[in-house]
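Right, one structure below, let's go through it.
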Amino acid sequence: MNATVSFTLNGKPVTVASPRDRMLVWVLRDELGLTGTKVGCEAGLCGACTVLVDFEAVLSCSTPLGDVAGKSVLTIEGLALDGKLNAVQEAFQEHHAFQCGYCTSGMIMAAWAFLKKKPKATRSEIVEAMEGNLCRCGAHVRILDAVESAGKAMGGAR
Ligand code: FES
Ligand code: FES
């Protein structure tokens, strides 16, 4: 049964009519047209579907729509400001931290959420924080380089 659920999406209010138990990733992709958030395992294991809810990284394949009512959702489409990529996006570009790109938006969202809290994170803290995001292409080293470099750009230079 459809419910009317309102929340803030990338800074703008949205209201959708959809079952409250429909997973957020499908609402974003199919109903709101935001296909930057990817679906990998659909089982909470790969991190491809990571978005931020109230500034915390969550797996949108495992987050029912009803859980975000009244909250703020940020997807990869909302990360750049006035057409300018944010520090993590820029670092991924500089370090070529992708191959097929399927994991990239989830990686960037997870890294952004983490670095906002801990820009001075060490390499090993970054490795630990990014453990839930998998890359099947083998770009992990470049991804870690990019996250480390973004942390420095965000004021975490050591
Ligand atoms: S698609 Fe959500 S964790 Fe894999
Ligand atoms: S770049 Fe292909 S899965 Fe990571």
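The values are calculated or read from the model by the stated rules, or taken from the named source; none is laboratory data. As the structure is a computational prediction, the values presented were derived from the model and not from experiment. Neighbour counts run over all protein chains shown; Cβ positions are idealised from the backbone, glycine included. Ligands, DNA and RNA are stripped out before the accessible areas are found, and what is left, the full protein with its side chains, is counted by its heavy atoms. Shrake-Rupley method; radii C 1.70, N 1.55, O 1.52, S 1.80 Å.
One table, with the values for the structure above:
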read-out: Residue within segment 6-23 that is open to solvent by 30 Å² or more (accessible area, probe 1.4 Å), away from ligand 1 (no atom under 16 Å from the Cβ), of a type in the set (S, T, N, Q) and in contact with a Lys or Arg (Cβ under 9 Å, 6 or more places away or on another chain) present; value: yes
read-out: Filtered residue count, segment 36-62, keeping only those that are open to solvent by less than 40 Å² (accessible area, probe 1.4 Å), at negative phi and not in a strand (DSSP E or B); value: 9
read-out: In segment 24-35, the residues that are open to solvent by 50 Å² or more (accessible area, probe 1.4 Å) and touching a helix residue (DSSP H, G or I) at 6+ places or on another chain (Cβ under 6 Å); value: THR35
